[in-house]
2 protein chains.
Amino acid sequence: MGKLVIVGTVAFDAIETPFGKTDKILGGAGTFIGLAASNFNIDSSVVSVVGGDFPQEYLDLLSDRNIDVSGIEIVKDGKTFFWSGKYHNDMNSRDTLATELNVLEHFNPVVPENYRDAEVVMLGNLHPSTQMSVLNQMSKKPKLVVLDTMNFWMDCALEELHETIKHIDVITINDEEARQLTGEYSLVVAARKIHEMGPKYVVIKKGEHGALLFHDDNVFYAPALPLEEVFDPTGAGDTFAGGFTGYLAKTNDFSFENMKKAVIHGSALASFCVEKFGTERMVNLEAGEVQKRLRQFQQLTQFDIELT
Amino acid sequence: MGKLVIVGTVAFDAIETPFGKTDKILGGAGTFIGLAASNFNIDSSVVSVVGGDFPQEYLDLLSDRNIDVSGIEIVKDGKTFFWSGKYHNDMNSRDTLATELNVLEHFNPVVPENYRDAEVVMLGNLHPSTQMSVLNQMSKKPKLVVLDTMNFWMDCALEELHETIKHIDVITINDEEARQLTGEYSLVVAARKIHEMGPKYVVIKKGEHGALLFHDDNVFYAPALPLEEVFDPTGAGDTFAGGFTGYLAKTNDFSFENMKKAVIHGSALASFCVEKFGTERMVNLEAGEVQKRLRQFQQLTQFDIELT
């Protein structure tokens with residue numbers, strides 16, 4: 001079993017969907033990644049920053065799941081990062097209503113001493129230079145570095161993004177972002193171009209259409225579970241990343257075959273995330289439910305064809 | 001092994017894509033369905049109508065593949081149905097440039113005598129009353145009736161469509177059409193509503209995002225093979241339907257487990273169809289290529305997770 005370092009936002013979200021709206025609730029990429037990874041009972045540490053307004057109970061909620069929070073800096077006189085968004089009726093697109101960086105503006109992540117030899121590093125969506133600074137703190141080369149990013153950094157920090165992704169093993173990116181980063185419409189061609197930028201493995205997230213894992217000439221496809229209702233998509237991509245890295249840290253096997261399984265675990269956890277607002281579904285998730293859902297993924301995708 | 005009756009257009013297409021354009025070439029739903037189904041070496045019959053301008057070599061091309069063409073009426077002084085379309089750069093949407101119904105306008109399909117006891121009937125996209133008239137000619141109840149339709153009939157023949165789909169077993173429909181037919185955005189809910197309209201099985205085609213097969217509470221998902229280039233999507237949906245019904249006619253097993261395999265066979269054949277203009281790829285397809293592609297589908301989707 002390996003240790004997992006996660007860097008990412010720990011934040012307040014206010015979300016509006018066709019099903020309702022929330023006040024400020026617990027959110028942030030680091031939170032969703034950490035909660036998802038905690039399903040594998042591994043040693044993980046979330047590196048982040050919050051303000052003096054961040055409730056202790058939220059930190060306790062993470063600690064209770066064996067997530068090390070000593071790397072979450074508390075800026076007493078600062079305010080926690082706040083994001084607010086409103087989803088459209090199709091739940092596939094959203095408007096950002098507010099982004100208040102607050103303490104995130106001067107965030108200098110510090111990896112706790114006892115996590116600098118972690119086998120797996122998950123770089124949640126942040127400025128690529130911030131992501132790089134985490135890598136630079138590792139005392140030995142991690143076995144696996146996974147990076148998530150978004151179009152915002154392609155627009156305003158493309159050079160830094162190109163530099164950082166030279167040093168990672170896996171990138172997780174959505175389909176439109178893969179197209180933006182490469183100028184290629186075909187995801188197969190886009191994945192190959194991203195591969196040439198550094199990452200040996202490319203995960204392209206397609207939301208309700210699932211996720212593709214590329215490695216050299218190999219491709220693996222995991223669907224999203226068809227759901228009656230997507231209640232709130234916030235955090236689904238981060239939950240996928242947390243499940244993916246959590247499974248790999250636990251199994252300590254970074255072969256393509258095992259990454260397939262990691263993708264399925266990530267997809268299964270993400271399918272819970274969207275069932276309720278914010279982290280609500282993830283904090284109440286039980287192991288038996290996860291097993292049941294994995295079985296649903298098997299039934300959804302497995303077939304038996306005799307080949308000659 | 002069962003016999004397969006196919007009703008659908010046999011037509012001329014003129015296609016424009018970002019990769020080039022064609023003159024009038026062989027097209028039509030019946031053609032694509034027939035060619036796909038012919039890969040299973042079954043007895044199949046295409047029921048259709050063409051004009052005196054339709055080349056004998058195209059009919060020979062079908063006959064050479066053991067497709068009975070005695071149900072393709074030739075109206076000597078009529079012109080063959082003609083469709084022309086232009087695909088947009090993303091290949092997911094297209095403009096229809098011309099639709100000349102010609103002999104199709106007064107098409108009265110006549111199922112050949114020796115196919116009226118066929119086990120499987122594939123009703124290609126046509127006016128729902130025309131589809132129904134084929135069903136009415138069957139001398140015994142087919143084991144499986146599959147119907148393909150499109151938004152056009154929902155707009156202008158909804159009542160007839162509702163009547164016809166009461167009498168079928170499987171409907172194939174694309175995602176937007178499923179939403180239009182039911183007024184439901186969630187495909188899970190849409191499939192359930194369509195199920196209540198008659199079909200026990202609902203196949204929702206999502207183009208580059210694959211296809212979903214619904215039956216009661218069971219769902220199966222087949223991805224589309226990620227391709228470097230989609231050259232021409234024309235006929236992909238019909239090729240899927242031809243592979244699906246051809247496989248089921250050959251195996252004569254209409255269980256959900258076997259339908260999963262049929263969906264995979266249909267998806268594999270459709271992945272060839274889009275590689276060249278029109279029917280070009282399908283008429284030159286060899287059995288070994290199909291086996292290799294089925295293996296790619298296995299690698300694309302199969303994983304091995306131990307569940308507790």
Restricting region B:288-298 to residues that are of a type in the set (A, V, I, L, M, F, W, C) and more than 7 Å from every other protein chain (Cβ to nearest Cβ), the one farthest from A:LYS292 (Cα to Cα) turns out to be B:VAL290
* To do: Might you let me know whether region A:175-192 holds any residue that is within 19 Å of the chain's Cα centre (by Cα), in a loop (DSSP other than H, G, I, E, B) and not β-branched (Val, Ile, Thr)?
  => no
Here the residues within region B:82-125 that are of a type in the set (S, T, N, Q) and either over 30 Å from A:GLU184 (Cα atoms) or touching a residue at least 24 places away in the same chain (Cβ under 8 Å) (or both) are B:SER84, B:ASN89, B:ASN92, B:THR99, B:ASN102, B:ASN108, B:ASN114, B:ASN125
Considering only helices (runs of 4 or more DSSP H) wholly within region B:77-169, the ones with at least 3 residues that are out of contact with any Asp or Glu (no Cβ under 7 Å at 6 or more places or on another chain) and surrounded by 17 or more Cβ atoms within 10 Å (Cβ to Cβ) are B:128-136, B:158-165
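Answer with yes or no whether A:ASN258 is at pLDDT 95 or above, within 13 Å of chain B (Cβ to nearest Cβ) and within 22 Å of A:LYS143 (Cα to Cα). Please lay out each step first, then the result.
On the way: at pLDDT 95 or above: yes; within 13 Å of chain B (Cβ to nearest Cβ): yes; within 22 Å of A:LYS143 (Cα to Cα): yes.
When the stated conditions are applied, A:ASN258 passes them.
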Taking region A:261-273 and keeping only residues that are within 14 Å of chain B (Cβ to nearest Cβ) and farther than 17 Å from A:ILE173 by Cα, one is left with A:LYS261, A:HIS265, A:ALA268, A:LEU269, A:SER271
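What about A:ALA249, is it in contact (Cβ under 8 Å) with a residue 12 or more places away in the chain and closer than 23 Å to B:ASN92 by Cα? I'd like the intermediate steps shown before the answer.
Values: in contact (Cβ under 8 Å) with a residue 12 or more places away in the chain: yes; closer than 23 Å to B:ASN92 by Cα: no.
It is false that A:ALA249 is in contact (Cβ under 8 Å) with a residue 12 or more places away in the chain and closer than 23 Å to B:ASN92 by Cα.
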B:ASP169 passes all but one of the listed conditions (1) out of contact with any strand residue (DSSP E or B) (no Cβ under 6 Å at 6 or more places or on another chain); (2) touching a residue at least 12 places away in the same chain (Cβ under 8 Å); the exception is number (1)
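So how many residues does region B:199-225 have that are part of a loop (DSSP other than H, G, I, E, B) and surrounded by fewer than 20 Cβ atoms within 10 Å (Cβ to Cβ)? Steps first, please.
Narrowing region B:199-225 to residues part of a loop (DSSP other than H, G, I, E, B): B:199-200, B:206, B:210, B:216-217, B:223-225.
Then drop every residue that is not surrounded by fewer than 20 Cβ atoms within 10 Å (Cβ to Cβ), which leaves B:200, B:206, B:216-217.
Number satisfying all stated conditions: 4.
Scan region A:12-23 and give yes if some residue there is among the polar types (S, T, N, Q), in contact with a strand residue (DSSP E or B) (Cβ under 8 Å, 6 or more places away or on another chain) and within 20 Å of A:ASN125 (Cα to Cα), otherwise no. Can you show your working first?
The initial filter retains those residues of region A:12-23 that are among the polar types (S, T, N, Q), namely A:17, A:22.
Going one step further and asking which of them are in contact with a strand residue (DSSP E or B) (Cβ under 8 Å, 6 or more places away or on another chain), we end up with A:17, A:22.
Keeping just the survivors that are within 20 Å of A:ASN125 (Cα to Cα) gives none.
Looking through region A:12-23, none of the residues is among the polar types (S, T, N, Q), in contact with a strand residue (DSSP E or B) (Cβ under 8 Å, 6 or more places away or on another chain) and within 20 Å of A:ASN125 (Cα to Cα).
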Checklist entry - Mind checking whether some residue in region A:25-39 is more than 18 Å from the chain's Cα centre (by Cα) and under 26 Å from A:HIS106 (Cβ atoms)? => result yes
Flagged pairs (Cβ under 9 angstrom, 6 or more apart or on separate chains; first in region B:272-284, closer than 16 Å to B:ALA224 by Cβ; second of a type in the set (Lys, Arg) and surrounded by fewer than 23 Cβ atoms within 10 Å (Cβ to Cβ)) are B:PHE272/B:ARG281; B:PHE272/B:ARG293; B:CYS273/B:ARG281; B:VAL274/B:ARG281; B:GLU275/B:ARG281
Within region A:202-255, the residues that are of a type in the set (Ser, Thr, Tyr) and within 13 Å of chain B (Cβ to nearest Cβ) are A:TYR221, A:TYR247, A:THR251, A:SER255
Only one of A:GLY183, A:GLY210, A:GLY198 is among the small types (Gly, Ala, Ser), on the phi > 0 side of the Ramachandran plot and free of Cβ contacts under 8 Å to residues at least 24 places away in the same chain, namely A:GLY183
Turns out the strands (runs of 3 or more DSSP E) fully within region B:1-69 with at least 3 residues that are touching a residue at least 12 places away in the same chain (Cβ under 8 Å) and crowded, with 24+ Cβ neighbours inside 10 Å are B:4-7, B:11-17, B:44-51
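Suppose we filter B:THR301, B:THR308 for residues that are surrounded by fewer than 18 Cβ atoms within 10 Å (Cβ to Cβ), within 10 Å of chain A (Cβ to nearest Cβ) and of a type outside the set (A, V, I, L, M); which single one remains?
Details: B:THR301 fails: surrounded by fewer than 18 Cβ atoms within 10 Å (Cβ to Cβ).
Testing whether each residue is surrounded by fewer than 18 Cβ atoms within 10 Å (Cβ to Cβ), within 10 Å of chain A (Cβ to nearest Cβ) and of a type outside the set (A, V, I, L, M) leaves just B:THR308.
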Task: Test: residue in region A:274-282 that is of a type outside the set (A, V, I, L, M, F, W, C) and within 12 Å of another protein chain (Cβ to nearest Cβ) - done: no
Considering residues that are over 18 Å from A:ASP13 (Cα atoms) and touching a Leu at 6+ places or on another chain (Cβ under 7 Å), the number found within region A:66-104 is 1
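Would you confirm, using the coordinates I've provided, whether A:LEU181 is among the aliphatic types (A, V, I, L, M) and either facing chain B (nearest Cβ under 10 Å) or farther than 21 Å from A:PHE152 by Cβ (or both)? Reasoning before the result, please.
Working: among the aliphatic types (A, V, I, L, M): yes; either facing chain B (nearest Cβ under 10 Å) or farther than 21 Å from A:PHE152 by Cβ (or both): no.
When the stated conditions are applied, A:LEU181 does not pass them.
The values are calculated or read from the model by the stated rules, or taken from the named source; none is laboratory data. Note that the coordinates shown come from a computational prediction; the quantities given were computed from them, not determined experimentally. Don't worry about glycine lacking a Cβ; one is built from the backbone with ideal geometry, like all the others, and counts go over all protein chains shown.
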